[in-house]
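Asker: Quick one: the structure is below, and I'll ask about it shortly.
What follows draws every value from the coordinates through simple rules; no lab data is involved. All of these numbers come straight from a predicted model, not from anything done at the bench. Here Cβ is always computed from backbone atoms with ideal geometry, including for glycine, and neighbour counts include all displayed protein chains.
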Amino acid sequence: MSTDPRFDGPGPDETWRSALAEGRFLLQQCRRCDTCRFPPALVCRGCGSPDLAWKETSGRGAVYSSTTVRDREGNYNVSLVDLAEGARMMSRVESVDPDSVHIGMKVEARIVHAPEPLVVFVPAKGDAS
Amino acid sequence: MSRSLRGNAAIVGIGNTKRWNAPGRSPFDQLQEAAILALEDCGLGLKDVDGLFCAVSSSGLPVLNVAERLGLTVRHADGTMVGGASFLFHLQSAVSALEHGLCEVALICYGSNQLSAGGRLVSMPDPQPYEAAYKPRFPISSYALAAARHMYEFGTTRENLADVALAARAWANLNPDAFARGPLTREEILSSRMVSDPITRADCCLVTDGGAALVVTRADRARDLAKPPAYVLGTGVAVSHRQIAAMPDLTTTAAVESGRRAYAMAGIGPAEIDHVMVYDAFTITTLLFLEDLGFCPKGEGGAFISSGAIAPRGTLPVNTNGGGLSCNHPGMYGLFTIIEAVEQLRGACGERQIQGAEVALAHANGGVLSSQATAILGSAATL
Ligand SMILES: [Zn+2]
């Protein structure tokens, strides 16, 4: 075999899912330009380099935008969260009334099992709003 | 910039089934009828078509299905699928293929039975595992997130968005072929059922059936055909993301780039456009594209719209057929922005005709603000 060793092993989606199942919320960070990306992929979105490292997130972030989905079964929040590391992801803010989630709200990640492991957010301690 | 493509190709035939609710007719039935109408419109036949450009929501192999049904012998084909903007990507591709002699007669076509098949948006398998678990309402919640951010950054209001829907309805009331006609008030829009804040049912486009097609040839051949050609003065396309979380800035779309490319090829700017068609999948998209295409400054779309500028008798005629909000929206609406632009340049729009329309801009969107494509069309006077 003459495959390129830089791409050996499980792919980035599989690596991310396996870590999440062990309770770790990972991001990829570019070794060349430090940009963090989510969801996982083979190259840096900032500079195109395939030289990415996995790092555990702080889990801290802020709501970039937010909507309340009106559903017969009950309303729920869908938000885009900007992580402190710089990546943005879709998630939801839990444990508060969906209508009280607002842009700029400081949030912290939690891993829940629904039943698959899933990253959700709750208001950060100290964000009284 | 490929300035040399300006005016080298023209839309010579258009077909529009106007069958917005047609039980018993499949997407391919709608598409075939539109193709026949477009060829008859310009006096060409199926045997003349040697370039085929199509996309549908119901099939991953549209070129094969359409070529078989219409009995086409194609020597060039493009089934690019980027959602509702696909057909303007196809137009740019057709202009290039015609220029290089890869084909002589290009047929761009689409059909859908979205309404009569049950009203659900048919989408091809394209799982998004990093979004699906959070159950965003597809595709409404993605547009809601863009609208919420625009409101936060620029103070845009639900009233501003309602005025987009009001303008669309006012135009539809001048178009006997529009699906949704009749009186509509701002209060009715504002009190419509909330779906995904801040987007209500009335901020969403219609769900209809429909089929549309274009025939495109080189300009030298266009002059000899039955109808006045609509010359392709400029095209531009851009792609920015698949999932809404990957969109760099939710208040600025890649229409900035597709528009810049189209204006550069055409050698004109927004002030010289007589007639505008922008894909109004939701009221927020009209606002975003008017800003991103330079018809008003970023952040001022709300005030611009609420001034009455885009409604009949306003300063900028926008979506004069009634748009996706009030004329028709068969799943992927992009091709209909071109159909209305050509009709306006031909002076064939009756009560809603823009007097002296010589230059029209059509803009289409696909995915969740993901793909953007702009076309600038002109009459013979603009060459
Ligand atoms: Zn990088």
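Asker: Evaluate the distance, in nm, between pseudo-label points positioned 7 Å from the Cα of A:Asp97 and of A:Ala84 along their respective Cα→Cβ axes.
Answerer: Taking the two extended label points, one gets 3.0 nm.
Asker: Please turn the phi angles of segment B:373-380 into ³J(HN,Hα) values with the Karplus equation 6.51 cos²θ - 1.76 cosθ + 1.60 (θ = phi - 60°), one per residue in order, whole Hz, x for glycine and proline.
Answerer: 8, 10, 10, 10, 10, x, 6, 4
Asker: Return the sequence-ordered ³J(HN,Hα) values of segment A:76-85 in whole Hz as given by the Karplus equation 6.51 cos²θ - 1.76 cosθ + 1.60 applied to θ = phi - 60°, using x for Gly and Pro.
Answerer: Once θ is set to phi - 60°, the couplings for segment A:76-85 become 8, 8, 10, 10, 9, 10, 8, 6, 4, 6 Hz.
Asker: Separate question: Would you kindly derive the ³J(HN,Hα) couplings of segment B:210-224 from the backbone phi angles with the Karplus curve 6.51 cos²θ - 1.76 cosθ + 1.60 (θ = phi - 60°), listing them in order in whole Hz, with x for Gly and Pro?
Answerer: Going residue by residue, I get x, x, 8, 8, 10, 10, 10, 9, 5, 4, 5, 7, 4, 4, 8 Hz, with x marking Gly and Pro.
Asker: Only loop residues by DSSP count here, and only those with at most 10 other Cβ atoms within 10 Å; note down the trypsin sites (Lys or Arg not before Pro) in segment B:290-371 that meet that.
Answerer: B:Arg313
Asker: Using only Cα atoms, tell me the angle between helix A:12-21 and the longest principal axis of chain A; keep it within 0 to 90° and round to the nearest 10.
Answerer: Approximately 50 degrees, to the nearest 10.
Asker: Using a Förster distance of 56 angstrom, determine the FRET efficiency expected from the C-beta separation of A:Ser49 and B:Ala348, and round it to 0.05.
Answerer: 0.55
Asker: Rounded, prolate or oblate: which fits segment B:229-330, taking a ≥ b ≥ c as square roots of the Cα gyration tensor eigenvalues, rounded meaning a/c under 1.5, else prolate when a/b beats b/c? Don't jump to the answer; show the numbers that get you there.
Answerer: Values: a/c = 1.37, a/b = 1.09, b/c = 1.26.
In terms of gyration-tensor shape, rounded.
Asker: Using a/c under 1.5 as the rounded threshold, could you call segment A:5-56 rounded, prolate or oblate? The axes a ≥ b ≥ c are square roots of the C-alpha gyration tensor eigenvalues, and prolate needs a/b larger than b/c, oblate otherwise.
Answerer: Details: a/c = 2.26, a/b = 1.43, b/c = 1.58.
In terms of gyration-tensor shape, oblate.
Asker: Just from its helices, what would the mean residue ellipticity at 222 nm be for chain B, if runs of 4 or more DSSP H residues each count -39500 (n - 2.57) and the sum is divided by every residue, rounded to the nearest 500 deg cm²/dmol?
Answerer: Helices in chain B give a 222 nm mean residue ellipticity of -9500 deg cm²/dmol.
Asker: Within chain B, which complete DSSP H helices have Cα atoms spanning at least 15 Å along the helix axis and a mean Kyte-Doolittle hydropathy of 1.0 or higher?
Answerer: Once both thresholds are applied, nothing remains.
Asker: Is the shape of the protein assembly as shown best called rounded, prolate or oblate, per the rule: a/c under 1.5 gives rounded, else a/b larger than b/c gives prolate, else oblate, with a ≥ b ≥ c the square roots of the Cα gyration tensor eigenvalues?
Answerer: Since a/c reaches 1.5 and a/b is larger than b/c, the shape of the protein assembly as shown is classed as prolate.
Asker: Beyond 32 Å between alpha-carbons counts as too far, so tell me which of B:Lys18/B:Lys135; A:Lys125/B:Lys135; B:Lys227/B:Lys298; A:Lys106/B:Lys298; B:Lys18/B:Lys298 fall in that bin. The partial results should precede the final answer.
Answerer: Values: B:Lys18/B:Lys135 34 Å; A:Lys125/B:Lys135 26 Å; B:Lys227/B:Lys298 38 Å; A:Lys106/B:Lys298 27 Å; B:Lys18/B:Lys298 35 Å.
Cα-Cα > 32 Å for B:Lys18/B:Lys135; B:Lys227/B:Lys298; B:Lys18/B:Lys298; rest within.
Asker: Using a simple spin-label model with points 7 Å from Cα along the Cα→Cβ vector, what separation in nm is obtained for B:Ala380 and B:Thr157?
Answerer: Computed distance between label sites B:Ala380 and B:Thr157 equals 4.9 nm.
Asker: Would you please give the residues with an amide H less than 5 Å from that of B:Ala77, counting only those at least 5 places away or on a separate chain, with H modeled from the backbone geometry?
Answerer: Correct list: B:Leu52.
Asker: Report the residue, chosen from B:Asp220, B:Asp78, B:Asp274, that carries the largest GNM mean-square fluctuation when chain B is represented by alpha-carbon nodes joined by springs under 10 Å.
Answerer: Highest fluctuation among the options: B:Asp220.
Asker: Quick one: which residues, 5 or more positions from B:Ala9 or on another chain, have an amide H under 5 Å from its amide H? H modelled 1.01 Å from N in the peptide plane, none for Pro or chain starts.
Answerer: B:Ala219, B:Val232
Asker: Counting pairs of alpha carbon atoms under 8 Å apart in space and at least six apart in sequence, what relative contact order in percent does segment A:60-123 give?
Answerer: Averaging sequence separation for qualifying contacts and normalising by length gives 33 percent for segment A:60-123.
Asker: Which order do the peptides B:81-90, B:326-335, B:240-249 come out in when sorted by mean C-beta neighbours inside 10 angstrom, highest first?
Answerer: Put in order of decreasing packing, that is B:326-335, B:81-90, B:240-249.
Asker: B:Thr208's amide H: which non-local residues (gap 5+, or another chain) put their own amide H closer than 5 Å, with H modeled 1.01 Å from N in plane and none for Pro or chain starts?
Answerer: Under 5 Å from the amide H of B:Thr208: B:Leu115, B:His329, B:Gly331.
Asker: Find out how many positive minus negative residues lie around B:Gly15, taking Lys and Arg as positive, Asp and Glu as negative, among other residues whose Cβ is under 9 Å from that of B:Gly15.
Answerer: On the way: positive: none; negative: B:Glu33, B:Glu40, B:Asp41.
It works out to a net charge of -3.
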